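A short worksheet on the structure shown next.
The values are calculated or read from the model by the stated rules, or taken from the named source; none is laboratory data. Keep in mind that this is a model prediction, so the values were computed, not measured. Here Cβ is always computed from backbone atoms with ideal geometry, including for glycine, and neighbour counts include all displayed protein chains.
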């Protein structure tokens, strides 16, 4: 596998305790930075036809150990059997998960005297066949890993299959393997299509049906040729367990929708759900967007240690049904302005799955319509919320206030039975979501009827944490709300004096009846942040508390470069040979948010790619004030000196520092905000 930060001709993969590749090099025309309009890609008819073998008619679902264990001691026979047991015990098998896949490090470093692969007896004392037999007895399937090179991707360099394809394929088939992840390291410069086609032929020669997962990181545009070679192909480099990495990979995979279909799938890499680097909201977005993209769903967390919240995400059968829909369409982008993404997926029954995805760090209203998503004109539609598991009717509008980094996933149909469901309502909130201890904030909530039928006997409530004051300053009830009408309620909200800084959740709930008397309710979480504005005068941003950060690789660093994956492992910030004592070290895609309380005027910084990346870094710096971009640099490269940046943030409540990639993925994209200051 490739190095995550530097593009080289030597292809190696290291464990995440050092570095892993993050993003493959894709054509710039397929990438976007801030957003993505309707994708401009080649017609899918230019791709090779899918294999007529009946394998992977829907995206493969299962487990792979790499994201949680790498080559650690936990990766062994007991783990694999334990995962198989949990698939059955926790209902994951019933939800569609089938493959229990081994990644790198299952073999000894050398072949035997006959040139055969040898399972590591310490990890797999019973051998691979015994593990396969155990997995098969559970009604599941076993997958294995090797590389289309002389060695695998681990630093230790286990035997690869280049030159041994037919022998290795026979061993895999003899052991009862059902799935092969075929990596791209140490490939000796041999043409990718040739290497992967040889393994396809070797697998077919065994007579055993084995899914071939082509893991060449999208470097040779496999979507253009691999449909006749394997059942799925990686479109990007490795994912890491961070919001920035997940979003970057999402953006690269979305434009490739025309190339996906039954038996030939775009693979944006395995799931990180449950590994701890993202919030539950972010993991729901991860799972939702992989499902709407018809991506393989390969669990990457150690299920023996997983929380119930993780199982609840992975076992959401209504979301899984979107991924596994037999029509096999990958979702396409309807709109993406301002980080407000609408992605729609055509379903076999004529309905549309619609994801309202909020890339930004603040709640946003995201809206579309049934017709914009591809549905025919109809008097009304049935709307099913796939996370709340509730059905409503809508006159055609599909909208919601989506939390920061959240996704609302619905399924909408032109259904004659729409009147059997209560009207959908949208819960909205205007006003500051920030509070200073002991001071009241003014909020206005709204309940809007989106349905074809009238919402009757509507009431709204807002409930805060213990000790908070939440008082309605206008009516909280309405006898009826016809289509498009709203109930607006003013509130005074105050955190008690002495409340610690941080985020606090309030519940906004509406209850109502349909004209038939059916009771319904809708609820959402309103997050309020208790914070103080920056002090008067000029301050270094690295000395101030931030509201939130996301980063494409490792954490955002204060007064050092991005470094590696651990906090505090950066170097002195250096751009063009100039060393800076103060600043922020980031890695695209990155966001750093600050509360400024409408008290600040100006942000200044010297920005550029850190010198620790010798080549290939391409980034763009942006400053946003309350959702409006107020400054940007354009694309900067590794060989450019620091560029001065000044942004007018007068009157903004929140500012956001953003680093995007330069349109070619995030490899080597270490972006420094050197000497970053704010004047208040």
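Report those helices (runs of 4 or more DSSP H) wholly inside the stretch 217-330 carrying at least 2 residues which are assigned by TED's automatic domain parsing to the domain that holds residue 70 and within 19 Å of residue 342 (Cβ to Cβ).
243-253, 280-292, 317-323
Return the residue satisfying two criteria in turn: it lies in the stretch 72-89 and is assigned to a loop (DSSP other than H, G, I, E, B) and without any contact (Cβ under 8 Å) to a residue 60 or more places away in the chain, and of such residues it is surrounded by the fewest Cβ atoms within 10 Å (Cβ to Cβ).
73
Here's the yes/no breakdown for (1) modelled with pLDDT of 95 or more; (2) out of contact with any strand residue (DSSP E or B) (no Cβ under 6 Å at 6 or more places or on another chain); (3) over 30 Å from residue 629 (Cα atoms); (4) assigned to a strand (DSSP E or B):
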{"site": "368", "(1), (2), (3), (4)": "yes, no, no, yes"}
{"site": "373", "(1), (2), (3), (4)": "yes, no, no, no"}
{"site": "377", "(1), (2), (3), (4)": "yes, yes, yes, no"}
{"site": "400", "(1), (2), (3), (4)": "yes, no, no, yes"}
{"site": "405", "(1), (2), (3), (4)": "no, yes, no, no"}
{"site": "408", "(1), (2), (3), (4)": "yes, no, no, yes"}
{"site": "411", "(1), (2), (3), (4)": "yes, no, yes, yes"}
{"site": "427", "(1), (2), (3), (4)": "yes, no, no, yes"}
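From the residues in the stretch 637-654 that are at pLDDT below 95 and part of a strand (DSSP E or B), which one is surrounded by the most Cβ atoms within 10 Å (Cβ to Cβ)?
654
If only one of 383, 450 is farther than 30 Å from residue 652 by Cβ, touching a strand residue (DSSP E or B) at 6+ places or on another chain (Cβ under 7 Å) and in the same structural domain as residue 335 (by TED's automatic domain parsing), which one is it?
None of the others qualify; the one that does is 383.
Please verify whether residue 631 is part of a strand (DSSP E or B), more than 29 Å from the chain's Cα centre (by Cα) and modelled with pLDDT of 95 or more, treating the condition exactly as stated.
Answer is no for this residue.
For the stretch 538-550, check the following and say yes or no: at least one residue is in contact with a strand residue (DSSP E or B) (Cβ under 7 Å, 6 or more places away or on another chain), modelled with pLDDT of 95 or more and loosely packed, with under 13 Cβ neighbours inside 10 Å.
yes
Looking only at strands (runs of 3 or more DSSP E) that fall completely inside the stretch 555-605, which ones have 1 or more residues that are closer than 22 Å to residue 536 by Cβ?
The qualifying strands (runs of 3 or more DSSP E) are 583-587, 590-595.
Restricted to the stretch 297-310, and to residues that are surrounded by fewer than 19 Cβ atoms within 10 Å (Cβ to Cβ) and out of contact with any helix residue (DSSP H, G or I) (no Cβ under 7 Å at 6 or more places or on another chain), which residue is nearest to residue 64 (Cα to Cα)?
Restricting to residues being surrounded by fewer than 19 Cβ atoms within 10 Å (Cβ to Cβ) and out of contact with any helix residue (DSSP H, G or I) (no Cβ under 7 Å at 6 or more places or on another chain), the top hit is 305.
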